[in-house]
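Read the structure below first, then the notes.
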Amino acid sequence: MSDFTPTGRLTSWDGRAPDLRDWSDEDVLDGLRQLGTDTDQARFAERCAAAGMQSDIEEEWIDRMPMQDENFSVFVWMAARELWERWRVPAWPKDRLARAFLYLVDADYSAEWADTYHAPTALEVMDALDAWLGAEGRGAKDLEEMVELLGMPAAAWPGKMLDAMAEWAEIGNVALALRGGAFMARMLGNGHALGFLAAALVSARMFDRAQSAALEVPLDAPLVRGFDELVGYLCLSAGDAMLGNHWITLADKASGIRHSELTFAAEAVRDYLKEWRAEGGDRSDPVTVPERIRLASRQGGAQACYYAYMVFAGTNRPGGQPA
């Protein structure tokens, strides 16, 4: 190390036990000045807006240091992120957005970031994702490349998003969960926001609200991956045989499932629908669906939700086809 001697708050800096969140803006800026970077809120925002990657700024600042020192390199690296979050700079390079996406969908990473930085709100991240991915020429492949920057497999993000939506629903933020469903439908090119929301609500054990969401899914929604079957069960458990028959019939045609492959609950549902169709298919009044069929449909819905989630573990292609 050179004969560099820190002054002020920087003298107490310990990268193994960082306390940057407790520093004032001026303390952070003074530390950066001592380490070769002179900036302020306006200049920093301008540099962020021009950055291709957040790491470009971090490396640029570390290269300016008057010496090579791991402890102070940690300070410079953390200061760039701290100021970005603290000042709510409206610039989202791809690597920063990747971290924000992981913060959005990964509970452990979210807690770690919240403890270390002034983390953005979920709505701020969703706004940034919509803006970045909605730019001309961008789409699902850019999302896959983005999430892979931090080591998440591209195929993992839909399941992660569904898990996050369930957590948001559990704390009462169903509106954010619905927005997550819309994001999934747009990026995957199939499904429907309400169908994904219904799955998240089932996962959160909020069956009444899941049924309500399922009943609102448009008949022409491109549901695949088992979400069509899930929505059918939910509609039938809510007492709507017509909608239940619509979605379950489509799901069975797509999967080619045989009666012998069904669970007891699923068998009961198919037998009921077969009888319902034979009698004219006009039994759409909720009171005409027997309680035992509603309960069987609810059980079938829970099972279908599990399989719909699991399909994302091995594929990121529409229609459940292997990647």
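Assorted remarks:
For (1) of a type outside the set (G, A, S); (2) surrounded by 12 or more Cβ atoms within 10 Å (Cβ to Cβ); (3) closer than 20 Å to R88 by Cα, each residue gets a yes or a no:
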| site | (1), (2), (3) |
| --- | --- |
| T5 | yes, no, no |
| A17 | no, no, no |
| D22 | yes, no, yes |
| L29 | yes, yes, yes |
| T39 | yes, yes, yes |
| E46 | yes, yes, yes |
| D56 | yes, yes, yes |
| E60 | yes, yes, no |
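- Residues of region 186-214 that are surrounded by fewer than 19 Cβ atoms within 10 Å (Cβ to Cβ) and in a helix (DSSP H, G or I): R186, F207, D208, R209, S212.
- Enumeration of residues in region 106-141 that are touching a residue at least 40 places away in the same chain (Cβ under 8 Å), farther than 19 Å from A154 by Cβ and not in a helix (DSSP H, G or I): Y117, H118
- Considered as a group, the residues in region 163-195 that are farther than 20 Å from A128 by Cβ and hydrophobic (A, V, I, L, M, F, W, C) include one that is nearest to the chain's Cα centre (by Cα), and that residue is A166.
- M67 passes every criterion in (1) among the aliphatic types (A, V, I, L, M); (2) in contact (Cβ under 8 Å) with a residue 40 or more places away in the chain; (3) exposed (fewer than 13 other Cβ atoms within 10 Å of the Cβ); (4) within 25 Å of L149 (Cα to Cα) apart from (4).
- Number of the exception - R179 against (1) assigned to a helix (DSSP H, G or I); (2) surrounded by fewer than 17 Cβ atoms within 10 Å (Cβ to Cβ); (3) among the basic types (K, R): (2)
- For beta carbons closer than 6 Å, sequence separation of 6+ or different chains, a first residue in region 240-263 that is under 24 Å from P218 (Cβ atoms) and a second that is of a type in the set (F, W, Y) and crowded, with 17+ Cβ neighbours inside 10 Å, the qualifying pairs are A241/W276.
- Residue identified as farther than 20 Å from Y309 by Cα and not hydroxyl-bearing (S, T, Y) among A238, A213, A185, A169: A238
- Yes/no for L129 being more than 23 Å from Y306 (Cβ to Cβ), under 13 Å from the mean Cα position of the chain (by Cα) and modelled with pLDDT of 90 or more: yes
- Residue under evaluation H118, criteria (1) buried (at least 20 other Cβ atoms within 10 Å of the Cβ); (2) under 22 Å from the mean Cα position of the chain (by Cα); (3) of a type outside the set (S, T, N, Q), criterion not met: (1)
The values are calculated or read from the model by the stated rules, or taken from the named source; none is laboratory data. These numbers were taken from a predicted model, which means no experiment stands behind them. No Cβ is skipped: glycine too gets one built from the backbone with ideal geometry, and neighbour counts run over all protein chains shown.
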